[in-house]
Amino acid sequence: VDKSLVVADVLGPEPRYRLLESSRQYAREKLAERGKDVIAAHHHSHALAYLEVAEWLERAWDTTPDRAWSALAEVELDNCRAALDWTFGGQGDVVIGQRLASAMYWVWITFACVEGRRWLRMAFELIDERTPTDVVTKVELAEGVIALWIGEYKAALASGTRASIGYRELGDRVGTDRAQCLVGRSLVFLGNIVEGEALLLELLEPARARGNHSLIGYILDSIGLARSQGGDAAGARRYYAEALAVF
(Lines give C-alpha, C1' and ligand atoms only; values in the text may rest on other atoms or scores of the structure.)
Protein backbone atom coordinates (compact mmCIF):
# COMPACT_ATOMS: atom_id res chain seq x y z
CA VAL A 1 0.00 0.00 0.00
CA ASP A 2 2.79 2.41 0.91
CA LYS A 3 4.38 1.88 -2.51
CA SER A 4 1.00 2.23 -4.29
CA LEU A 5 1.19 -1.30 -5.73
CA VAL A 6 -1.98 -2.17 -3.83
CA VAL A 7 -4.87 0.24 -3.23
CA ALA A 8 -6.62 0.09 0.15
CA ASP A 9 -10.31 0.96 0.45
CA VAL A 10 -11.11 1.60 4.11
CA LEU A 11 -14.48 3.34 3.66
CA GLY A 12 -16.61 0.18 3.73
CA PRO A 13 -17.53 -2.10 6.65
CA GLU A 14 -14.12 -3.76 6.43
CA PRO A 15 -10.85 -2.94 4.60
CA ARG A 16 -10.61 -4.23 1.04
CA TYR A 17 -7.60 -4.23 -1.27
CA ARG A 18 -7.32 -4.07 -5.05
CA LEU A 19 -4.64 -3.80 -7.70
CA LEU A 20 -4.15 -0.96 -10.12
CA GLU A 21 -4.89 -2.19 -13.65
CA SER A 22 -1.24 -1.90 -14.69
CA SER A 23 -0.17 -3.96 -11.68
CA ARG A 24 -2.89 -6.52 -12.39
CA GLN A 25 -1.79 -6.96 -16.01
CA TYR A 26 1.84 -7.34 -14.98
CA ALA A 27 0.91 -9.93 -12.34
CA ARG A 28 -1.10 -11.89 -14.92
CA GLU A 29 1.86 -11.90 -17.30
CA LYS A 30 4.17 -13.20 -14.57
CA LEU A 31 1.62 -15.84 -13.60
CA ALA A 32 1.24 -16.95 -17.22
CA GLU A 33 4.99 -17.58 -17.33
CA ARG A 34 4.53 -20.22 -14.62
CA GLY A 35 2.40 -22.43 -16.88
CA LYS A 36 -1.19 -23.60 -17.24
CA ASP A 37 -1.16 -25.85 -14.18
CA VAL A 38 -0.20 -22.98 -11.89
CA ILE A 39 -2.85 -20.73 -13.43
CA ALA A 40 -5.49 -23.45 -13.00
CA ALA A 41 -4.51 -23.94 -9.35
CA HIS A 42 -4.94 -20.24 -8.68
CA HIS A 43 -8.31 -20.17 -10.43
CA HIS A 44 -9.40 -23.22 -8.44
CA SER A 45 -8.41 -21.63 -5.14
CA HIS A 46 -10.19 -18.41 -6.10
CA ALA A 47 -13.38 -20.26 -7.06
CA LEU A 48 -13.39 -22.24 -3.80
CA ALA A 49 -12.87 -19.07 -1.79
CA TYR A 50 -15.82 -17.36 -3.46
CA LEU A 51 -18.00 -20.43 -3.12
CA GLU A 52 -17.44 -20.07 0.64
CA VAL A 53 -18.35 -16.38 0.40
CA ALA A 54 -21.54 -17.14 -1.58
CA GLU A 55 -22.62 -19.86 0.84
CA TRP A 56 -22.00 -17.52 3.76
CA LEU A 57 -24.08 -14.81 2.09
CA GLU A 58 -26.88 -17.32 1.52
CA ARG A 59 -26.91 -18.25 5.22
CA ALA A 60 -26.66 -14.60 6.26
CA TRP A 61 -29.72 -13.66 4.19
CA ASP A 62 -32.00 -15.04 6.92
CA THR A 63 -30.37 -13.13 9.77
CA THR A 64 -28.93 -9.89 8.34
CA PRO A 65 -30.87 -6.64 7.72
CA ASP A 66 -31.33 -5.98 4.01
CA ARG A 67 -29.09 -2.92 3.64
CA ALA A 68 -26.20 -4.48 5.53
CA TRP A 69 -26.53 -7.73 3.57
CA SER A 70 -26.70 -5.90 0.23
CA ALA A 71 -23.57 -3.93 1.05
CA LEU A 72 -21.70 -7.15 1.82
CA ALA A 73 -23.00 -8.94 -1.28
CA GLU A 74 -22.55 -6.22 -3.89
CA VAL A 75 -18.79 -5.87 -3.44
CA GLU A 76 -18.34 -9.62 -4.08
CA LEU A 77 -20.23 -9.75 -7.39
CA ASP A 78 -17.29 -9.29 -9.76
CA ASN A 79 -15.18 -11.89 -7.96
CA CYS A 80 -18.08 -14.35 -8.15
CA ARG A 81 -18.49 -13.61 -11.86
CA ALA A 82 -14.79 -14.27 -12.43
CA ALA A 83 -15.08 -17.59 -10.58
CA LEU A 84 -18.12 -18.58 -12.65
CA ASP A 85 -16.35 -17.65 -15.88
CA TRP A 86 -13.56 -20.08 -15.00
CA THR A 87 -15.70 -22.92 -13.66
CA PHE A 88 -17.97 -22.93 -16.73
CA GLY A 89 -15.23 -22.05 -19.20
CA GLY A 90 -14.29 -25.56 -20.28
CA GLN A 91 -11.15 -25.94 -18.15
CA GLY A 92 -12.70 -25.34 -14.71
CA ASP A 93 -14.48 -27.29 -12.00
CA VAL A 94 -18.11 -27.43 -13.11
CA VAL A 95 -19.50 -28.63 -9.77
CA ILE A 96 -17.96 -25.65 -7.96
CA GLY A 97 -19.63 -23.41 -10.54
CA GLN A 98 -22.99 -25.14 -10.08
CA ARG A 99 -22.76 -24.76 -6.31
CA LEU A 100 -21.69 -21.14 -6.64
CA ALA A 101 -24.39 -20.10 -9.13
CA SER A 102 -27.14 -21.71 -7.06
CA ALA A 103 -25.86 -20.41 -3.70
CA MET A 104 -26.13 -16.89 -5.15
CA TYR A 105 -29.85 -16.93 -5.88
CA TRP A 106 -30.60 -14.18 -3.32
CA VAL A 107 -27.70 -12.18 -4.79
CA TRP A 108 -29.11 -12.60 -8.30
CA ILE A 109 -32.59 -11.55 -7.19
CA THR A 110 -31.20 -8.47 -5.46
CA PHE A 111 -28.80 -7.25 -8.14
CA ALA A 112 -28.98 -9.13 -11.46
CA CYS A 113 -31.98 -11.39 -11.97
CA VAL A 114 -31.58 -11.95 -15.71
CA GLU A 115 -27.85 -12.53 -15.41
CA GLY A 116 -28.47 -15.00 -12.60
CA ARG A 117 -30.93 -16.89 -14.79
CA ARG A 118 -28.24 -17.15 -17.47
CA TRP A 119 -25.66 -18.59 -15.05
CA LEU A 120 -28.22 -21.03 -13.64
CA ARG A 121 -29.16 -22.16 -17.14
CA MET A 122 -25.49 -22.90 -17.76
CA ALA A 123 -25.31 -24.78 -14.47
CA PHE A 124 -28.40 -26.79 -15.40
CA GLU A 125 -27.16 -27.63 -18.90
CA LEU A 126 -23.93 -29.04 -17.45
CA ILE A 127 -25.69 -31.50 -15.15
CA ASP A 128 -24.90 -35.13 -15.98
CA GLU A 129 -24.89 -38.55 -14.26
CA ARG A 130 -21.83 -37.55 -12.21
CA THR A 131 -23.45 -34.44 -10.70
CA PRO A 132 -24.18 -34.94 -6.98
CA THR A 133 -27.88 -35.08 -6.08
CA ASP A 134 -27.64 -32.18 -3.65
CA VAL A 135 -26.12 -30.00 -6.38
CA VAL A 136 -28.88 -30.89 -8.87
CA THR A 137 -31.54 -30.17 -6.25
CA LYS A 138 -30.07 -26.81 -5.28
CA VAL A 139 -29.84 -25.74 -8.93
CA GLU A 140 -33.52 -26.67 -9.34
CA LEU A 141 -34.49 -24.61 -6.29
CA ALA A 142 -32.46 -21.58 -7.40
CA GLU A 143 -33.83 -21.82 -10.94
CA GLY A 144 -37.37 -21.97 -9.54
CA VAL A 145 -36.90 -18.96 -7.26
CA ILE A 146 -35.56 -16.86 -10.14
CA ALA A 147 -38.39 -18.03 -12.42
CA LEU A 148 -40.97 -17.02 -9.80
CA TRP A 149 -39.32 -13.62 -9.38
CA ILE A 150 -39.50 -12.83 -13.10
CA GLY A 151 -43.06 -14.10 -13.46
CA GLU A 152 -42.50 -17.49 -15.13
CA TYR A 153 -44.84 -19.32 -12.76
CA LYS A 154 -45.15 -22.62 -14.63
CA ALA A 155 -41.37 -22.96 -14.75
CA ALA A 156 -41.19 -22.04 -11.06
CA LEU A 157 -43.77 -24.70 -10.20
CA ALA A 158 -41.93 -27.39 -12.17
CA SER A 159 -38.54 -26.54 -10.66
CA GLY A 160 -39.98 -26.24 -7.16
CA THR A 161 -41.68 -29.63 -7.47
CA ARG A 162 -38.47 -31.34 -8.59
CA ALA A 163 -36.49 -29.58 -5.85
CA SER A 164 -39.03 -30.69 -3.24
CA ILE A 165 -38.66 -34.32 -4.32
CA GLY A 166 -34.89 -34.02 -4.27
CA TYR A 167 -34.74 -32.48 -0.80
CA ARG A 168 -37.08 -35.14 0.58
CA GLU A 169 -34.77 -37.85 -0.78
CA LEU A 170 -31.82 -36.06 0.85
CA GLY A 171 -33.65 -35.77 4.17
CA ASP A 172 -33.19 -31.98 4.13
CA ARG A 173 -36.19 -30.55 5.99
CA VAL A 174 -35.30 -26.87 5.54
CA GLY A 175 -34.65 -27.36 1.84
CA THR A 176 -37.95 -29.21 1.48
CA ASP A 177 -39.82 -26.39 3.19
CA ARG A 178 -38.25 -23.76 0.93
CA ALA A 179 -39.10 -25.79 -2.17
CA GLN A 180 -42.65 -26.43 -0.95
CA CYS A 181 -43.13 -22.73 -0.25
CA LEU A 182 -42.01 -22.04 -3.82
CA VAL A 183 -44.54 -24.60 -5.07
CA GLY A 184 -47.34 -23.09 -2.97
CA ARG A 185 -46.66 -19.54 -4.09
CA SER A 186 -46.40 -20.63 -7.74
CA LEU A 187 -49.78 -22.39 -7.48
CA VAL A 188 -51.36 -19.23 -6.11
CA PHE A 189 -49.98 -17.12 -8.97
CA LEU A 190 -51.23 -19.72 -11.46
CA GLY A 191 -54.77 -19.44 -10.02
CA ASN A 192 -54.78 -22.70 -8.02
CA ILE A 193 -55.44 -20.67 -4.89
CA VAL A 194 -57.08 -23.32 -2.68
CA GLU A 195 -54.37 -25.91 -3.35
CA GLY A 196 -51.58 -23.38 -2.94
CA GLU A 197 -52.91 -21.96 0.33
CA ALA A 198 -53.49 -25.41 1.79
CA LEU A 199 -49.87 -26.34 1.10
CA LEU A 200 -48.60 -23.08 2.61
CA LEU A 201 -50.71 -23.55 5.75
CA GLU A 202 -49.21 -27.03 6.19
CA LEU A 203 -45.75 -25.47 6.21
CA LEU A 204 -46.47 -22.69 8.68
CA GLU A 205 -46.53 -24.44 12.07
CA PRO A 206 -43.47 -26.67 11.42
CA ALA A 207 -41.59 -23.52 10.34
CA ARG A 208 -42.66 -21.78 13.55
CA ALA A 209 -41.46 -24.76 15.57
CA ARG A 210 -38.01 -24.60 13.95
CA GLY A 211 -37.79 -20.84 14.44
CA ASN A 212 -36.67 -19.91 10.92
CA HIS A 213 -38.03 -16.36 10.97
CA SER A 214 -37.23 -15.50 7.37
CA LEU A 215 -39.08 -18.57 6.11
CA ILE A 216 -41.97 -17.93 8.52
CA GLY A 217 -42.32 -14.40 7.18
CA TYR A 218 -42.21 -15.59 3.58
CA ILE A 219 -44.87 -18.26 4.23
CA LEU A 220 -47.12 -15.70 5.97
CA ASP A 221 -46.65 -13.29 3.07
CA SER A 222 -47.53 -16.07 0.62
CA ILE A 223 -50.71 -16.97 2.53
CA GLY A 224 -51.61 -13.28 2.53
CA LEU A 225 -51.15 -13.32 -1.24
CA ALA A 226 -53.46 -16.33 -1.52
CA ARG A 227 -56.14 -14.64 0.57
CA SER A 228 -55.81 -11.46 -1.48
CA GLN A 229 -56.04 -13.37 -4.77
CA GLY A 230 -59.10 -15.18 -3.41
CA GLY A 231 -60.89 -11.96 -2.52
CA ASP A 232 -60.49 -12.21 1.29
CA ALA A 233 -59.12 -8.74 1.98
CA ALA A 234 -59.50 -8.96 5.76
CA GLY A 235 -57.69 -12.31 5.88
CA ALA A 236 -54.97 -10.97 3.60
CA ARG A 237 -54.42 -7.97 5.87
CA ARG A 238 -54.13 -10.23 8.90
CA TYR A 239 -51.44 -12.45 7.36
CA TYR A 240 -49.60 -9.53 5.76
CA ALA A 241 -49.54 -7.72 9.12
CA GLU A 242 -48.02 -10.77 10.81
CA ALA A 243 -45.48 -11.17 7.99
CA LEU A 244 -44.60 -7.46 8.29
CA ALA A 245 -43.98 -7.85 12.02
CA VAL A 246 -41.66 -10.81 11.39
CA PHE A 247 -39.72 -9.04 8.64
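The values are calculated or read from the model by the stated rules, or taken from the named source; none is laboratory data. Remember, predicted model here, so these are calculated numbers, not experimental data. Please note: Cβ atoms are built from the backbone with ideal geometry, for glycine as well, and neighbour counts cover all protein chains shown. We work out accessible area using only protein heavy atoms, side chains counted, and drop any ligands, DNA or RNA first. Shrake-Rupley method; radii C 1.70, N 1.55, O 1.52, S 1.80 Å.
Taking all protein chains into account, the per residue accessible area for the chain stands at 55 Å² (1.4 Å probe). First compute the accessible area of the chain with a 1.4 Å probe, then give the percent of it belonging to carbon and sulfur atoms. So the carbon and sulfur contribution to the accessible surface is 54 percent. Given the alternatives (i) 20.8, 69; (ii) 25.9, 89; (iii) 17.1, 50, Rg and Dmax of the Cα atoms in Å as computed for this entry is given by (i).
Each Lys and Arg contributes +1 and each Asp and Glu -1, all at the Cβ; summed about the Cα centre of the chain, the dipole is approximately 160 debye. Can you compute the FRET efficiency between Ala32 and Val7 using 1/(1 + (r/R0)^6), with r the Cβ-Cβ distance and R0 = 25 Å? Round to the nearest 0.05. Calculated transfer efficiency: 0.65.
Counting only alpha carbon atoms, the long axis of helix 133-149 and the longest principal axis of the chain meet at about 70°. Between helix 173-189 and the chain there is an angle of about 60 degrees, using the helix long axis and the longest principal axis of the Cα atoms. Between Arg18 and Asp85, the modelled labels are 1.4 nm apart [label points 7 Å from Cα along Cα→Cβ].
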